[in-house]
Each structure stands twice: as C-alpha cells, then as structure tokens.
Amino acid sequence: METGSGSGRRASGRRYAVIGAGAAGLCAAKYLIGSGCTDVTIFEIGTQIGGLWCYRNDSGRSSAYRTLHINTAKYVTRFSDFPFDESVQAFPSHEDMHRYLVAYAERFDLVRRIRFRSKVTAIRPLAPEGSDAQRWEVVVEGGTPEVFDRVLVATGHLSVPMHVPEYRDAFGGEYLHSHDYREPEPYVGKRICVIGVGNSACDIASDVCQTSPMTVMVARSGVMIGPKLIFGRPFTDVTFRLYKTWIPDGLRRRLIAFLVRMIQGRMTDLGFRPLTERAHPTTSAVVVQHIAYRRILVKQGIERIEGRRIRFADGSEHEFDTMIACTGYLIDLPFVPPEVAEVRENRVDLYKRMCAPGWTGLYFVGLLNSTSHSLNDIFEKQARWICAVEHGEVELPPPAAMRADIEAKKAYLRRHFRDSPRHTIEEESLFYLADLERMRRRGRRRRAPAGGADADVAVAGGR
Ligand SMILES: Cc1cc2nc3c(=O)[nH]c(=O)nc-3n(C[C@H](O)[C@H](O)[C@H](O)COP(=O)(O)OP(=O)(O)OC[C@H]3O[C@@H](n4cnc5c(N)ncnc54)[C@H](O)[C@@H]3O)c2cc1C
C-alpha cells in the first residue's frame, strides 16, 4: 500500500485543510479531490470565491481596481481542463476572472467544501520537527481547533502593502498604496505622483492621468513594458510559443526584447533608465501612449520631499495632491509558526516553493511570482506535484537536501534578478515547471514495475 510523504495513512484517507478560496486554493482542492483525497475543507475569510479577482471582496484582501484586466491572455490563463466562455474577451476583466473562478468551483463541486467567514489564525504542528507522522491543528477565529493530516496554504501574497516609509512619512498630501486604490473618480483634477513601474503602477497612472493636470511616474529602476497585442493577437499567446526548454534562454529573451522594442519603442526614449537586471515582467498597452502624449511624465527617482513638494532626480520640482505608492506587497503568513516557515526580509525558505524542510504535511501553493507563465498554470502543476507527493509518486528529499536546493535557488536569484524585496519569490517558471514535471515522471517510472502508475494520481495529473 502506498502512503506517500512518510505518513502512516493512505492519502485518500487523510483529512486535508486548504486555506484560501482564491485561484490557488480552488485549484489545489480540485486536484486533491480528483486524486481520490475526498476529505477536503477549504477555509476562507470572506463570503466570496475568487480571492484577488473578486473586486471589493469582503475579505478585505483583494487589491483589484475597477479597471483591472488580466495581463496574461485568456488562452494562457485558463486552467488546462476548464476553458473561458467563448464570449469572454482576450484579456478578461476582474469580473470575467471572478465569474470564471466561481464557475470553476461550481463545475468541480468545490463550493460545498468552502467554509466561508473562517479566518485561520493559527496552524500548529502536533509532533516535533522531523516527525514522519506529523498532523496539524488548524485554528479558526472564534472556532474550535480541528486536526488535519495535511494543510495547504493558499492565501496569496498580494494583499499586504509594502510601503516606502521615507516617502509615506515625508509627503504632506494624501498618501495611499495601490492596494487601496479602486477607481479614478476621487482623483479627478488632482496632481498625482505614482511611485513604481510595475503592472499596478502602469494601470493606475493610465487611469488617473486622463483627468489630472499632472501625473508623474517615478521609476528608480529600468523597465521593459511589454505590449498586450502583436498583429492584433495577444502578445502572451505569441511569446508563450517561445517558452520551450530547448530554446536557449538568452535567445528567447533577446527575441522578446526585440518584439517589445518593435511595438513599444525604446524604453529610454520614454524617459526610463535602461534595464540592466532582470525584473518581474510589466505589461501595458496604454501607458506608453500616455507618456508619448505627455499625460504622464517619467522621473527616475526622488531626491527630496518637503510637504507636498517633490524634487526629482533630474532637478525638477512639482507640487502634488496625492501620492500613490505602487511599491509591491509583503508576504504575510501570520498564522504559520516562525519555527515552521519564517518570513524574513520578505523571503520564505521553501523547497520547490512549496515545502518547509522538516515539516511533513504542510504545503504552500502559489507563493511565487512567475517570469512567464500565468499563475493558474503554475497552480495546476504545483497541485499535481503535491498530489504526486501525497500518493508516494514523488519522494521528498531529506531536510538537508531541501535546504541545499533552497540555497542554490537563492544564489541563482541573486545572480540573475534585481536584488529587491519584490524579487525574493520570483521564479523562472519555464524551468521550474519542467523540474516539477520531471520529478513526477521520474516517480511514475520508478513505481511502474511494481504495478504501474497509481490510478489516483493519473486522475490528479489530469492527462
Ligand atoms: C494588479 C494585479 C494583476 C495581476 N495580473 C495577473 C495576470 O495577468 N496573470 C496572472 O497569472 N496573475 C496575475 N496576478 C496575480 C494573481 O495574484 C494571481 O493570478 C492569482 O489570482 C492569485 O491567487 P491566489 O489564490 O494565490 O491568491 P488570492 O487570490 O489572494 O486568494 C487568497 C485567498 O485566501 C484567503 N485568505 C487569506 N488569508 C486567509 C486566512 N488566514 N484564512 C482563510 N482565508 C484566507 C483570501 O481571502 C483569498 O480569498 C495579478 C495580480 C495583481 C494584484
């Protein structure tokens, strides 16, 4: 009998807790159930399905704004076994994404498993570190603690604002973080300083600049802003074809940079610094036009703030009414004991971004940023990998080997990406996903002589 992951019980007899009913939690629950693990409970703070994509979610954690559309087009964003409705546009809006996730939950019969209004405040291991027979106590606000064999944390990582205190504290006007931005109307007629050049910064600056006497974007680092369309087709549909492990990485990146330059022009001509290190991808069809129209001015840094007056790196000075800090988000896992997985300098050390070394039966889903693939694609492959571990197809290495793997990944990130708190969970998704799939295939081959692949896991694999 295959038990997997060192537990005494067969996977299908275990109790699973999934924390979060966003895309990651729903996807993980669906794959667990599909693999025969039927005792699955999903805990959710609010009363809504869809996490971040539910605009004004009563969980208070959604960072969606009214004009938000997804950047990865629908054909690369869909789950592999659940297409978007044909009527949905190429780049779904947050409403489309929310409807899609609700429909996914209904289609795979997940809704009845969700306990809404259930904020998890603590998870506690019941055995010491290193125990193979680990079980977990899950504590819900106002509830009685319950014991689960396995816990999957899928609580997102784009909900708790990362501020730049020296700007926030010095600026004398209205200050908000992009997490709290919803719609452009309150900012009509105001002079706005947007800090950052990520996806939210491009969207929000483009929103407010049309009715603002002055909008400035402050970008301390270089950027490459990808387009949304090429020859009238979604850019991500085209670039996705280049994401093959046999295409040399340098060649692929040069090709994509060339296409971006053909469509958007030279970023330095728009006023940005040259991109010298790799960074999380930014995509916007319109911000480039707004910059060309001078509705948005680009500045390369702030030298000084005095009240509402800001002096920029180029020596110019302007007065602003509002500062919108699009400065990213902090990883927050307040319910996880620090001895299990500690968040330090916005980093958390997890093997394959999912497992805390030494702590059996705890998985994290979706705790990463992707360089290329849509996150739904990644959630699916993570979920399949977790199922494979649970069913004994993939064997986890000992904690020391996990830690060595984590250190190697950190060193890779330091070498290749901008060293900033925003890039601590950046993942080279093409190679990451290939690695997870390779581990699963190797596991299946290893088990094949003893009676072929486990039927349960074949379902989990979905193919
Ligand atoms: C502006 C913006 C644009 C984006 N664009 C793209 C894109 O183009 N393509 C792409 O692939 N991704 C994009 N993303 C990333 C997006 O985060 C993911 O696509 C995905 O939706 C995240 O899903 P999740 O389930 O990990 O997290 P979330 O959607 O945040 O869901 C987490 C859930 O966990 C719940 N929860 C949290 N803590 C607890 C607790 N203690 N107890 C119980 N429940 C809890 C929350 O209420 C929430 O429902 C974008 C993100 C942002 C902010």
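Identify, from the list GLY60, GLY50, GLY46, the residue that is in contact with a His (Cβ under 6 Å, 6 or more places away or on another chain) and closer than 18 Å to HIS157 by Cα.
Exactly one residue qualifies, and that residue is GLY50.
Can you tell me how many residues in segment 354-371 are under 30 Å from THR236 (Cβ atoms) and either buried (at least 23 other Cβ atoms within 10 Å of the Cβ) or among the hydrophobic types (A, V, I, L, M, F, W, C) (or both)?
Adding up the residues that qualify gives 8.
Checking TYR412 against (1) within 13 Å of the chain's Cα centre (by Cα); (2) part of a helix (DSSP H, G or I); (3) not aliphatic (A, V, I, L, M): exactly one of these is not met. Which one?
Against the list (1) within 13 Å of the chain's Cα centre (by Cα); (2) part of a helix (DSSP H, G or I); (3) not aliphatic (A, V, I, L, M), TYR412 comes up short only on (1).
Is it true that GLY358 is assigned to a loop (DSSP other than H, G, I, E, B) and within 18 Å of the chain's Cα centre (by Cα)?
Answer is no for this residue.
Do the conditions hold for PHE91, that is, is it surrounded by 14 or more Cβ atoms within 10 Å (Cβ to Cβ) and under 21 Å from ILE33 (Cα atoms)?
No; evaluated as a whole, the condition is false for this residue.
Checking LEU158 against (1) open to solvent by 40 Å² or more (accessible area, probe 1.4 Å); (2) assigned to a strand (DSSP E or B); (3) within 12 Å of the ligand (Cβ to nearest atom): exactly one of these is not met. Which one?
The failed condition is (2).
Tell me the residue from ILE33, ILE45 that is more than 13 Å from the ligand (Cβ to nearest atom), surrounded by fewer than 23 Cβ atoms within 10 Å (Cβ to Cβ) and at pLDDT 95 or above, please.
ILE33
Specify the residue that is nearest to the ligand (Cβ to nearest atom); the eligible residues are those in segment 205-214 that are touching a strand residue (DSSP E or B) at 6+ places or on another chain (Cβ under 6 Å) and closer than 17 Å to HIS177 by Cβ.
ALA205
For every residue, the table says whether it meets (1) within 14 Å of the ligand (Cβ to nearest atom); (2) aromatic (Phe, Trp, Tyr); (3) assigned to a helix (DSSP H, G or I).
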site	(1), (2), (3)
ALA64	yes, no, no
GLU86	no, no, no
ALA90	yes, no, no
HIS98	yes, no, yes
ARG112	no, no, yes
GLY130	no, no, no
GLN134	no, no, no
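Quick one: count up the residues across segment 66-84 that are part of a loop (DSSP other than H, G, I, E, B) and either within 7 Å of the ligand (Cβ to nearest atom) or open to solvent by 10 Å² or more (accessible area, probe 1.4 Å) (or both).
So the count comes out to 11.
Of the residues in segment 14-30, how many are more than 9 Å from the ligand (Cβ to nearest atom) and open to solvent by 10 Å² or more (accessible area, probe 1.4 Å)?
Residues that pass the stated criteria total 2.
Without any contact (Cβ under 8 Å) to a residue 60 or more places away in the chain, within 16 Å of the ligand (Cβ to nearest atom) and open to solvent by less than 10 Å² (accessible area, probe 1.4 Å): is that true of ILE386 in this structure?
Spelling it out, it is not the case that ILE386 is without any contact (Cβ under 8 Å) to a residue 60 or more places away in the chain, within 16 Å of the ligand (Cβ to nearest atom) and open to solvent by less than 10 Å² (accessible area, probe 1.4 Å).
Of all residues in segment 200-223, which are closer than 25 Å to TRP53 by Cα and not polar (S, T, N, Q)?
ALA201, CYS202, ASP203, ILE204, ALA205, ASP207, VAL208, CYS209
Which condition breaks for ALA127 when tested against (1) in contact with a strand residue (DSSP E or B) (Cβ under 6 Å, 6 or more places away or on another chain); (2) more than 25 Å from TYR55 (Cβ to Cβ)?
The number of the failed condition is (1).
Could you check ILE378 against (1) open to solvent by less than 10 Å² (accessible area, probe 1.4 Å); (2) away from the ligand (no atom under 11 Å from the Cβ); (3) assigned to a helix (DSSP H, G or I) and say which number it fails?
Exception for ILE378: condition (2).
Are any of the residues in segment 403-415 surrounded by fewer than 21 Cβ atoms within 10 Å (Cβ to Cβ) and under 20 Å from ARG78 (Cβ atoms)?
Within segment 403-415, not a single residue is surrounded by fewer than 21 Cβ atoms within 10 Å (Cβ to Cβ) and under 20 Å from ARG78 (Cβ atoms).
From (1) near the ligand (Cβ under 8 Å from one of its atoms); (2) open to solvent by less than 40 Å² (accessible area, probe 1.4 Å); (3) of a type outside the set (Val, Ile, Thr), pick out the condition that doesn't hold for LEU52.
(2)
The values are calculated or read from the model by the stated rules, or taken from the named source; none is laboratory data. All of these numbers come straight from a predicted model, not from anything done at the bench. Cβ: placed from backbone, ideal geometry, glycine included. Neighbour counts: every protein chain shown. Keep in mind that these areas ignore ligands, DNA and RNA; they rest on the heavy atoms of the full protein, side chains included. Shrake-Rupley method; radii C 1.70, N 1.55, O 1.52, S 1.80 Å.
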